[in-house]
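Report on the following structure.
The values are calculated or read from the model by the stated rules, or taken from the named source; none is laboratory data. Just so it is clear, the model here is predicted, and its values are computed rather than measured. Ideal geometry is used to build each Cβ from the backbone, glycine not excepted, and the neighbour counts take in all protein chains shown. Please note that ligands, DNA and RNA were not included when accessible areas were found on the heavy atoms of the full protein model with its side chains. Shrake-Rupley method; radii C 1.70, N 1.55, O 1.52, S 1.80 Å.
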Amino acid sequence: MRSSDNSALLIVAHGSTVNPDSGAPTLAHAAEIRRRKVFARVECAFWKEEPSLRDALFLFDPESIREVYVVPNFISEGYFTQTVVPRELELNGRITKRSNGQLWRYCEPVGNHPLMTELLLKRARDVAPDVDPAETSLLIVAHGTDLNENSAVAAKREAEKIRALGKYAAVLNAYMEEAPLVSDWRKLTETPNVVVVPFFISDGLHSYEDIPRLLGIKARRLPSRRRELNGRLGSRPSLKEIFRQNPYAIDGRNLFYAPSIGTDPGVVDIIIEQANAAAKS
C-alpha cells in the first residue's frame, strides 16, 4: 500500500483485564507501522482494554481522514470478528460509509493471510535453528473446544499447508482441550526433536502456564506465576524465561517451545497486506 495522507489504520484485538501482555503485540505492531509512515494515523482498540472498540468511533477526524482500514488482530474468523467488532464499530459489511462521508473498510483477520504459514515456519526455525527438520516434528497448538472452533480449524489448515511442503518429518495440529491433545505429544511424535509453536495472538496464561504444564516442562524449570499474572503483579521477564531455556530434555528427546505466533514482528507485514487487499476490493 502506498503512503496516504488521508487514510488511517485501526488494529482491533481482544485485550485482557488480567493479562498485561495481551495487548502488547498489537501495540508493538502499531508502533512499527506508525514508524513506516504507511498511514496518516495508526491506532489500536480492544474489546477488554482501553481504548475500547466504541472509543475507536471517535479516533479519526473525518475532515482529514477519509478512509479507515480496520484489521482484526485475531487468529481466525469467529464470534469476535463476525459479531462483536462489527457491532461495536457499527460496521454493516466490508465497506461502511459514515454519515460524515468517512469510509471504513473492514479487512480479513491476520490469521487468514497466506503469509501466516511462512511466519510459522520462520518461528520454528528461530526457536530451533540447529536441528535437522528431517528429524523434527512440528506441533501447532491452538485452544480447541467448541468455543474456539474456528481457531482449531485454522491450526489444522496451517498444519496441512506446512505438511505438504515436506520440510519436517511430521507436522501436527494439537489442542489444549480436544483431540489430538498437546499433552499427548510423546505419543503423537516419534522424532528426537519436537518444536511447539502456540497459535495465539499474544502470550498469556495459556503460553506461559497451561501449555508448558501440558507439555511437562513447567514443573521442571519455572515456578508457577498464575496468581501473580492474574493479579497483574507477575514479572514479565521472569515469565518469558520459559521460551529462553530451550531445548527441554524430556524422556530422551529435545523439546523446543516458542512464543505465540502473534508476537512475531512479521505480523506487521500481514496487517499491512490485509489492509492492502481491502483497498483493492
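Normalising the average separation of contacting C-alpha pairs (under 8 angstrom, six or more residues apart) by the number of residues puts the relative contact order of the stretch 149-223 at 23 percent.
Within the listed set A170, A258, A179, the residue fluctuating most in the Gaussian network model of the chain (springs between alpha-carbon atoms under 10 angstrom) is A179. Using C-alpha pairs under 8 Å with a sequence gap of at least 6, the mean separation divided by the residue count of the chain gives a relative contact order of 21 percent. For the listed residue pairs K156/K187; K156/K280; K37/K280, the alpha carbons are over 26 angstrom apart in K156/K280.
Rg of the Cα atoms in the stretch 71-115, relative to 2.2 N^0.38 Å, amounts to 1.20. Once the Cα-Cα distance is subtracted from the 0.36 nm per residue extended length, the T17 to L103 segment shows a gain of 27.9 nm. For K240 and K167, the difference between the fully extended length at 0.36 nm per residue and the C-alpha to C-alpha distance is 23.5 nm.
Quick note on the stretch 108-172: its Rg to Rh ratio, both from C-alpha atoms and Rh being the Kirkwood radius, is 0.99. Across q = 0.10 Å⁻¹, the chain modelled as identical point scatterers on its alpha-carbon atoms has Debye log10 I(q)/I(0) values of -0.54, in the order of the q list. Per atom type, the chain shows carbon and sulfur on 50% of its accessible surface, probed at 1.4 Å.
Exposure check, 1.4 Å probe, all protein chains in place: D55 carries approximately 70 Å² of accessible surface. Counting only DSSP beta bridges with both residues in the chain, the antiparallel share comes to about 15 percent. A Förster distance of 30 Å, applied to the separation of the beta-carbon atoms of W47 and E135, puts the FRET efficiency at 0.10.
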